[in-house]
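Some notes on the structure that comes next.
The values are calculated or read from the model by the stated rules, or taken from the named source; none is laboratory data. This is a predicted model, so every value here is computed, not measured. Note that we place each Cβ from the backbone using ideal geometry, even for glycine, and neighbour counts take in every protein chain shown.
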Amino acid sequence: MLPRMLNNRNLLGLLFMLPTAILLLLFLTYPLGLGVWLGFTDTKIGRVGEWVGLSNYIFLIGDSVAQLSLFNTVFYTVTASVFKFALGLWLALLLNRNLPFKSFFRAIVLLPWIVPTALSALAFWWIYDAQFSIISWSLERMGLIDRYIDFLGVPWMARISTVIANVWRGVPFVAISLLAGLQTIPPSLYEAAAIDGATPWQQFRYVTLPLLTPIIAVVMTFSVLFTFTDFQLIYVLTRGGPLNATHLMATLSFQRAIPGGSLGEGAALATMMVPFLLAAIMFSYFGLQRRGWQQGGDK
């Protein structure tokens with residue numbers, strides 16, 4: 001009986017997947033379920049909560065700080081993702097050429113992604129420091145400014161500064177992933193296009209981009225998810241300041257739940273992030289199911 005069961009490929013596959021399924025159940029499903037449950041209660045740190053239904057969600061919808069965190073999250077995610085894609089694609093195309101020391105440059109590009117996020121945030125914290133900023137020092141020595149720039153003390157300046165830090169950290173992931181995709185495109189396609197008189201731009205438009213589209217969809221989905229749920233970079237750099245101008249939904253959820261002590265409210269805010277994340281995943285999934293995307297078509 002046992003040898004027959006082990007010869008069953010479907011059953012054997014399920015057995016191999018069982019340890020991973022248990023780990024996901026313990027460390028993903030249970031915390032998610034607990035978070036959703038807490039969002040419907042008024043649980044505080046040190047006090048068991050009672051069921052309050054949608055009260056936390058109704059309060060957060062009308063809360064000006066929560067509304068601002070949603071705007072900040074969308075602005076942060078969209079802006080950073082666009083720049084990461086543009087710079088990542090440019091780097092991937094550049095590194096795909098026959099350059100001297102190509103392997104060395106590929107390794108250098110990975111450094112921002114390898115460095116721990118907290119260390120990257122500390123480095124940018126010094127770069128943006130109101131008194132010791134190397135950027136302000138350089139601009140002042142060149143005579144372009146007459147006083148140091150308060151990068152993290154002005155709301156819009158702080159937003160832009162955090163976006164730049166996120167782009168610097170996230171570009172390597174996009175670049176290396178797209179580079180791997182570029183190397184799967186047969187060189188014979190470019191040779192045929194060149195023989196037909198296609199310009200470099202036409203080769204990119206009608207050969208590179210269509211064949212790279214499925215990989216772009218997957219890479220950018222992960223990029224959007226990483227950016228939307230970013231916590232470490234923002235918390236180390238600004239802790240949501242100034243005046244809540246850089247609070248993302250993730251950082252505000254932590255602030256309300258842990259330092260603020262309102263676990264129910266923080267859990268509700270974190271749960272409100274789920275629809276946005278599912279929307280990004282569904283966009284990529286259904287996009288990849290379209291045969292036109294996979295073949296570079298318009299449908």
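You will find that of 192, 158, 165, 198, the residue that is loosely packed, with under 14 Cβ neighbours inside 10 Å, in the same structural domain as residue 124 (by TED's automatic domain parsing), at negative phi and among the small types (Gly, Ala, Ser) is 192 and no other. For segment 193-275, the helices (runs of 4 or more DSSP H) that sit wholly inside it and include 2 or more residues that are hydroxyl-bearing (Ser, Thr, Tyr) and in contact (Cβ under 8 Å) with a residue 24 or more places away in the chain are 209-228.
Residue under question is residue 53, and the condition is that it be at positive phi, at pLDDT 90 or above and either not aliphatic (A, V, I, L, M) or not assigned by TED's automatic domain parsing to the domain that holds residue 250 (or both); does it hold? So residue 53 passes the test. Residue 71 satisfies every condition listed in (1) over 23 Å from residue 224 (Cα atoms); (2) without any contact (Cβ under 8 Å) to a residue 60 or more places away in the chain; (3) not polar (S, T, N, Q) except (1). What are the residues in segment 173-192 that are in a helix (DSSP H, G or I) and of a type in the set (A, V, I, L, M), if any? The answer is 174, 175, 176, 178, 179, 180, 182, 189, 192. Does segment 244-265 include one or more residues that are surrounded by 16 or more Cβ atoms within 10 Å (Cβ to Cβ), of a type in the set (Gly, Ala, Ser) and touching a Ser or Thr at 6+ places or on another chain (Cβ under 7 Å)? So far as segment 244-265 goes, yes, one or more of its residues are surrounded by 16 or more Cβ atoms within 10 Å (Cβ to Cβ), of a type in the set (Gly, Ala, Ser) and touching a Ser or Thr at 6+ places or on another chain (Cβ under 7 Å). Hydrophobic (A, V, I, L, M, F, W, C) and assigned by TED's automatic domain parsing to the domain that holds residue 277: does that describe residue 89? Against the criterion (hydrophobic (A, V, I, L, M, F, W, C) and assigned by TED's automatic domain parsing to the domain that holds residue 277), residue 89 qualifies.
So, of the residues in segment 276-299 that are among the basic types (Lys, Arg) and not in a helix (DSSP H, G or I), which turns out to be modelled with the highest pLDDT?
Top of the filtered list is 290.
Filtered by the rule that a residue be in contact with a helix residue (DSSP H, G or I) (Cβ under 9 Å, 6 or more places away or on another chain), in a loop (DSSP other than H, G, I, E, B), exposed (fewer than 11 other Cβ atoms within 10 Å of the Cβ) and among the hydrophobic types (A, V, I, L, M, F, W, C), segment 105-154 gives a lone residue, 144.
Any residue that is among the charged types (D, E, K, R), at negative phi and either surrounded by 11 or more Cβ atoms within 10 Å (Cβ to Cβ) or over 28 Å from the mean Cα position of the chain (by Cα) (or both) - is there at least one of those in segment 77-88? Within segment 77-88, one or more residues are among the charged types (D, E, K, R), at negative phi and either surrounded by 11 or more Cβ atoms within 10 Å (Cβ to Cβ) or over 28 Å from the mean Cα position of the chain (by Cα) (or both).
Residues checked against (1) within 30 Å of residue 72 (Cβ to Cβ); (2) within 22 Å of the chain's Cα centre (by Cα); (3) at pLDDT 95 or above:
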{"residue": "146", "(1), (2), (3)": "no, no, no"}
{"residue": "158", "(1), (2), (3)": "yes, yes, yes"}
{"residue": "162", "(1), (2), (3)": "yes, yes, yes"}
{"residue": "166", "(1), (2), (3)": "yes, yes, yes"}
{"residue": "169", "(1), (2), (3)": "yes, yes, no"}
{"residue": "186", "(1), (2), (3)": "no, no, no"}
{"residue": "191", "(1), (2), (3)": "no, no, no"}
{"residue": "196", "(1), (2), (3)": "no, no, no"}
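Among the residues here, residue 264 qualifies as assigned by TED's automatic domain parsing to the domain that holds residue 59, more than 29 Å from residue 113 (Cβ to Cβ) and modelled with pLDDT of 90 or more.
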